[in-house]
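Some notes on the structure that comes next.
The values are calculated or read from the model by the stated rules, or taken from the named source; none is laboratory data. What you see is a predicted model, and the numbers here were worked out from it, not measured in a lab. Every residue, glycine as well, gets a Cβ built from its backbone with ideal geometry; the counts of neighbours run over all protein chains shown. The accessibility values were calculated without ligands, DNA or RNA, using every heavy atom of the protein model including side chains. Shrake-Rupley method; radii C 1.70, N 1.55, O 1.52, S 1.80 Å.
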Amino acid sequence: DEGILAQLNYDLTGLARVKEGRKPEPTASVIDTQSVKTSTNVPLNSQGTDAGKKIVGRKRGIITDTLGLLLAVTVTAASLSENAVGIQLLDQVKKTYPTISKSWVDTGFKNAVVEHGAQLGIDVEVVNRNPEIRGFHVVKRRWVVERSIGWIMMHRRLARDYETL
C-alpha cells in the first residue's frame with residue numbers, strides 16, 4: 001500500500017540500466033500483450049474471451065525498456081482490446097518514467113494507441129512483420145518484449161492464470 005515494492009522495482013531497474021552502460025531513466029519502450037488461459041477457480045466476471053486467439057482468460061499487457069526490463073504491467077479480461085490495454089500501459093509508464101519519448105508496438109495496436117501516445121508526448125511506432133518471411137523471425141525492436149514474455153512463460157505458475165482476484 002505504501003508503494004515500497006514499486007519504488008524498489010524502479011530503483012533496481014535504474015541500477016540494472018546503469019550496469020549495462022545506459023542512463024538510469026529509459027527513453028524508449030516496447031509494448032505487447034499476451035492472452036493467458038485461466039484455471040477453473042477464477043470467477044467469470046474477471047475473465048473474458050480473446051476473439052482473435054480464441055482464448056478464455058485474462059490478458060497481460062507489459063511495457064519494457066529496450067533491455068527487456070519491465071516498466072509497467074496490467075492484467076485485464078482477455079476480451080479487452082489491445083488498444084485499451086496499450087492506453088493503460090502508456091498512462092502508467094508516463095507517470096512513472098516521464099522520460100519515455102518513443103515506443104514500439106505490433107500491428108494489433110491501432111490508431112487509438114498512437115494518438116494517445118502523441119497526447120502524452122510519446123512517439124508510438126507500429127512495427128510490421130516482413131510478409132515475405134513465413135513462420136518465426138526476429139522483428140526489429142519487438143524481439144525484446146517477446147523475449148520478456150518468454151521468460152515469464154518459463155515459470156509454471158505463470159503459464160496459466162490461477163489467481164481468483
Among 153-163, 104-114, how do they line up from the highest to the lowest mean number of other beta-carbon atoms within 10 Å? 104-114, 153-163
Let me know the number of lysine pairs in segment 5-100 closer than 23 Å at the Cα, not counting same-chain pairs under 8 apart. 7
About the Cα centre of segment 2-55, what is the dipole size in debye to 20, counting +1 per Lys and Arg Cβ and -1 per Asp and Glu Cβ, all else neutral? 240
Starting from the 7 Å offset along Cα-to-Cβ, what nm value, one decimal, do you get for the label separation of LYS110 and SER39? 3.6
How long are the three semi-axes of the equivalent ellipsoid of the chain, in whole Å, if each is the root of 5 times an eigenvalue of the C-alpha gyration tensor, listed from largest down? 24, 21, 16
Roughly speaking, to the nearest percent, how much of the chain's 1.4 Å accessible area is carbon and sulfur? 57
Roughly what % of DSSP beta bridges within the chain run antiparallel, to the nearest 5? 70
Over the chain: helical MRE at 222 nm, DSSP H runs n ≥ 4 each giving -39500 (n - 2.57), nearest 500: -10500 deg cm²/dmol
Just the number please: accessible area per residue for the chain, 1.4 Å probe, all protein chains included, in Å². 60
Using modelled amide H (1.01 Å from N, peptide plane; none on Pro or chain starts), what sits under 5 Å from the amide H of GLU125, excluding residues fewer than 5 places away? SER103, TRP104, VAL105
Sparse-neighbourhood loop hits (GluC sites (Glu not before Pro), segment 1-106; DSSP loop; Cβ within 10 Å at most 15 others) -> GLU2, GLU20
Once the mean 1/r over all distinct Cα pairs of segment 67-129 is inverted, what Kirkwood radius in angstroms do you read off? 12.0
Segment 26-154 - charge dipole about Cα centre, Lys and Arg +1 at Cβ, Asp and Glu -1, debye rounded to 20: 320
